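All of the numbers you see were taken from the coordinates with simple rules; none came from a lab. This one's a predicted model, so the numbers in the text were calculated from it and none came from an experiment. In this analysis, Cβ positions are derived from the backbone assuming ideal geometry, glycine residues included, and neighbour counts consider all displayed protein chains.
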Amino acid sequence: MIMNKRLQGFNITIIVLSGIALAYIAYPLVTLLVFVEPTMLPHGILRPQLTNALILSLFSATISTLILSLFGVPLSYFLARFKNFPGKFILRVIVIVPLVLPPLASGALLLGVFGPYSPIVKAFPTVEFTQSVLGIIIAQTYVASPFMILASQAAFESVDESYENIARVLGKTRFETFFKVSLPMAKTGIVIGLILSWVRAIGELGATMMMAYNPHTISIQIFEDNAIGGLRNAVPDIILAIVLSLIVVFVFYIMRRQRQDALRIQW
Amino acid sequence: MVELELINLTKKFVGGFTLGPLNLKVNNNQILVIIGPTGSGKTTVLNLISGLLKPDGGSIMVDGRDITSVPVERRKIAYTFQNPSLFPHMNVYENIIFGIKKKWKDMNNSNVEINSLLADLGVSQLTHRRIHGLSGGEMQKVSLARMLITKPKIILMDEPFAHLDPSTKRKLRIELRHILRRQSAPTICVTHFEDDVYALADSVCALQGGIMEHSSTLGSLMKTGRYASNDNDSASRVLPNILTSIQGNNYLEGEVIKSLGGLTTFKTGSTLLETLGNYNTGSKVGILIRPEDIILSKQMVKTSARNVVRSKVIKFTKYDAAIVDVFMVADSFHLTSRITEEARADLQLRQGDDVFAMFKASSPQVVREEGKEEG
């Protein structure tokens with residue numbers, strides 16, 4: 001009897017606290033409805049500035065994610081498999097820096113590398129590293145990199161090394177083993193990393209503002225519309241962003257479920 | 001004839017553990033079982049031979065050729081790990097053909113060979129199944145098929161039955177020896193299970209603390225090691241130190257005389273014994289009997305036990321404070337019975353006494369069966 005009461009008390013506490021957390025997250029979405037003007041919404045969403053910003057964000061985030069998959073996946077494999085080398089801890093810290101650094105600070109650091117007086121710019125004087133699509137991609141890639149690397153590293157670490165050893169014994173080279181065993185077995189975790197880094201790139205504002213305020217990404221467009229006309233002016237931008245987020249969240253949960261299924265059948 | 005030879009093979013680990021120097025030879029008609037406790041270096045031996053680990057000294061020779069610095073993928077060695085490690089992103093068939101070179105895969109007769117091996121292993125019906133639907137025994141068989149299809153020069157097995165339930169283990173053990181014998185490749189199997197030694201070994205060696213301590217054929221091991229009546233006998237002094245785990249069971253070899261209705265009679269020496277199960281008449285079987293299953297009596301008494309063996313007590317060894325192992329010789333084989341000190345006192349058992357050792361037909365466990373065709 002006493003146990004039952006204690007259990008009930010526990011359940012009620014959890015439910016109440018969870019309810020507060022959920023309300024805190026959902027309430028801003030509800031207030032959005034107050035500002036929606038249904039007749040103006042299609043016009044607002046179809047504005048060229050907004051559609052261009054959306055297309056630019058989708059393009060730049062996709063390119064950033066592709067760059068991350070090309071360089072981030074090998075780095076995450078390196079971190080997962082090469083365990084005993086001096087300076088490994090420092091390497092792990094470096095990988096996390098873009099995650100813990102305020103995005104504006106990341107942008108400032110990137111400006112140091114790609115700004116007007118940097119050696120790289122002097123080496124490639126015709127390339128526009130800032131205030132360009134390239135600048136956006138550089139900023140998004142930098143800020144989104146930890147999501148890709150950490151998720152892929154965890155995915156590779158979850159693949160038992162015995163699978164790779166078996167492949168080697170069965171006559172496969174290291175490259176063949178990587179592409180036929182390690183990568184497919186870590187695939188779902190890597191895809192989750194790609195989705196997370198893509199989402200982070202889409203939502204990136206601080207570092208992107210420092211590197212390239214123009215052309216506008218969707219985040220900068222929301223920032224600007226809100227600054228000019230308040231929330232009412234930014235509602236179409238936000239609704240577009242919410243729809244995009246919901247699609248990504250949906251894909252993310254499907255992938256995560258697949259990954260859990262894949263992990264369950266490993267010995 | 002393929003021969004595997006290790007010459008002064010050594011491996012040092014951070015923390016002080018050193019394996020070797022190891023020296024051994026295995027030819028293509030031989031299954032060598034290395035037995036030793038956890039941490040003795042058994043898996044390291046296999047990792048060194050396969051190339052997954054680099055030795056600090058010594059050589060690995062196959063057919064007189066030094067392969068010590070040959071990369072793993074070019075050694076043509078088959079190696080099964082403790083768990084089957086089947087690739088979960090492939091189905092059974094894709095797993096099995098994973099190690100086959102594309103050139104060979106494209107040849108017409110490759111399918112015939114693949115199907116024949118799958119039929120041999122009893123996994124033909126599994127080919128299009130997904131991995132996660134397989135039982136432990138099926139997984140182990142698929143793992144074996146994947147390994148054997150590559151026509152390896154050397155076969156290495158690390159605790160092949162470690163993850164199997166007892167009944168699957170019993171069945172697979174007998175099948176595995178048949179399969180391995182057909183391959184005609186030098187085979188090394190490491191284990192810490194005594195039963196695996198009886199089921200698979202042509203020869204046995206023990207590894208303890210990284211040192212290979214003893215090597216012998218299974219037959220001579222059983223004869224010289226366990227039943228020496230004199231405690232000063234060199235074999236009886238050495239063996240308990242290196243093969244402590246092998247001291248427990250009674251292992252007998254015999255020939256099946258009759259097998260009908262689930263009851264099999266086999267002959268060991270001139271003694272006829274009975275066990276459960278159906279086996280091929282004329283085949284040679286290896287049988288384990290737990291010493292706890294053997295009852296002793298000084299008089300011939302009528303009981304339900306199907307096996308009664310007249311024996312002579314040759315020595316006693318204390319098992320623990322209350323229990324004693326009674327070593328006996330009967331006909332052409334030896335038996336050990338594990339009884340309490342009280343029972344020994346009640347029976348007034350002494351060295352040289354004649355006793356009747358009795359055990360039920362359900363007690364002997366067949367761990368290997370070799371047909372006439374295999375010699």
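Converting phi to 3J(HN,Hα) with the Karplus coefficients 6.51, -1.76 and 1.60 and the offset θ = phi - 60°, the range B:251-258 yields 10, 10, 10, x, 10, 6, 9, 8 Hz in sequence order, with x at every glycine or proline. Peptide B:52-59 is shielded by partner chain Cβ atoms: per residue, an average of 1 of them sit within 10 Å of its Cβ. Applying 0.36 nm per residue to the separation of B:Gln299 and B:Lys151 and subtracting their alpha-carbon distance, the gain on full extension is 47.6 nm. Shown for B:Ile114, A:Ile218: other C-beta atoms within 10 Å of each C-beta, ranked fewest to most, produce the order B:Ile114, A:Ile218.
Dividing the helix sum by the residues of chain A, where each DSSP H run of 4 or more adds -39500 (n - 2.57), gives a mean residue ellipticity at 222 nm of -27000 deg cm²/dmol.
For the listed peptides A:54-62, A:144-152, a ranking on the average number of other beta carbons within 10 Å per residue, highest first, reads A:144-152, A:54-62.
Label-to-label distance, A:Lys122 versus B:Asn115, with points set 7 angstrom from Cα along the beta-carbon direction: 7.3 nm. The protection proxy used here, the mean number of other Cβ atoms lying within 10 Å of each residue, ranks peptides A:80-86, A:194-200 as follows, highest first: A:194-200, A:80-86.
Near B:Ile323, the amide H atoms lying under 5 Å from its own belong to B:Glu341; only residues 5 or more places off or on other chains count, and H is placed 1.01 Å from N. Measuring nothing but alpha carbons in the range A:1-126 and taking Rh as the Kirkwood radius, the Rg to Rh ratio lands at 1.16. For the range B:10-146, the equivalent ellipsoid built from the Cα gyration tensor has semi-axes of 32, 19, 14 Å, listed from largest to smallest. Using only alpha carbon pairs under 8 Å that are at least six residues apart, calculate the relative contact order of the range B:298-375 and give it in whole percent. RCO, the range B:298-375: 37 percent.
Here the translational diffusion coefficient of the range B:280-329 follows from Stokes-Einstein with Rh set to the Kirkwood radius across Cα pairs; for 20 °C and 1.002 mPa s it amounts to 158 µm²/s. Per-residue shielding of B:73-80, expressed as the average number of other chain Cβ atoms within 10 Å of the residue Cβ, stands at 4. The ranking of B:Lys151, A:Lys5 from fewest to most other beta carbons within 10 Å of each one's beta carbon is A:Lys5, B:Lys151. For the pair the range B:124-171 and the range A:1-70, the centres of their Cα atoms are 49 angstrom apart. Phi angles of the range B:78-87 translate, via the Karplus equation with coefficients 6.51, -1.76, 1.60 and θ = phi - 60°, into HN-Hα couplings of 9, 9, 9, 8, 4, 9, x, 6, 6, 6 Hz per residue; Gly and Pro are given as x.
Under 5 Å between amide hydrogens, built in the peptide plane, is the criterion, and for B:Met157 it picks out B:Thr80, B:Ile188, B:Cys189, B:Val190 among residues at least 5 positions away or on other chains. By other beta-carbon atoms within 10 Å, ranking B:Cys189, B:Cys205 with the fewest at the front produces B:Cys205, B:Cys189.
Most tightly packed first, judged by the mean number of other beta-carbon atoms within 10 Å of their residues, the peptides A:63-70, B:12-19 read A:63-70, B:12-19. 3J(HN,Hα) couplings calculated from phi for the range B:363-369 with the Karplus curve 6.51 cos²θ - 1.76 cosθ + 1.60 (θ = phi - 60°) are, in sequence order, 7, x, 10, 6, 10, 8, 9 Hz; Gly and Pro show x. Inter-label distance, B:Leu272 to B:Glu341: 4.2 nm, where each label sits 7 Å from its Cα along the C-beta direction.
For chain A, the relative contact order works out to 27 percent when only alpha carbon pairs closer than 8 Å and six or more residues apart are counted. Using the Stokes-Einstein relation with a Kirkwood hydrodynamic radius computed over Cα pairs, the translational diffusion coefficient of chain A at 20 °C and a viscosity of 1.002 mPa s comes to 100 µm²/s.
Tell me the relative contact order for chain B as a rounded percent, counting alpha carbon contacts under 8 Å between residues six or more apart. Dividing the mean separation by the residue count of chain B yields 16 percent. Note on chain B: helix-only mean residue ellipticity at 222 nm, from DSSP H runs of 4+ residues weighted -39500 (n - 2.57) and normalised by residue number, equals -7000 deg cm²/dmol. For B:Met212, the residues 5 or more places off, or on other chains, whose built amide H falls under 5 Å of its own are B:Gly20.
Once the Cα-Cα distance is subtracted from the 0.36 nm per residue extended length, the A:Arg174 to A:Ile12 segment shows a gain of 52.9 nm.
Within chain A, the whole DSSP H helices whose Cα atoms reach 30 Å or more along their own axis and whose mean Kyte-Doolittle score is at least -0.5 are A:2-35, A:48-81, A:133-157, A:218-264. The three principal axes of the C-alpha atoms in the protein assembly as shown carry coordinate ranges of 109, 74, 52 Å, sorted with the longest axis first. On the beta carbon distance between A:Thr62 and A:Lys5, with R0 = 56 Å, the FRET formula returns roughly 0.55. Considering only A:Leu54, B:Gly269, A:Pro102, the residue lying farthest towards the positive end of the dipole of the protein assembly as shown is B:Gly269, judged by Cα position with unit charges set on Cβ.
Legend: P(r) of the range A:1-69 from all alpha carbon pair distances, 10 Å bins from 0, whole percents, reading 16, 18, 22, 21, 13, 9, 1. Take each residue of peptide B:87-94, count the partner chain Cβ atoms within 10 Å of its Cβ, and average: the result is 4.
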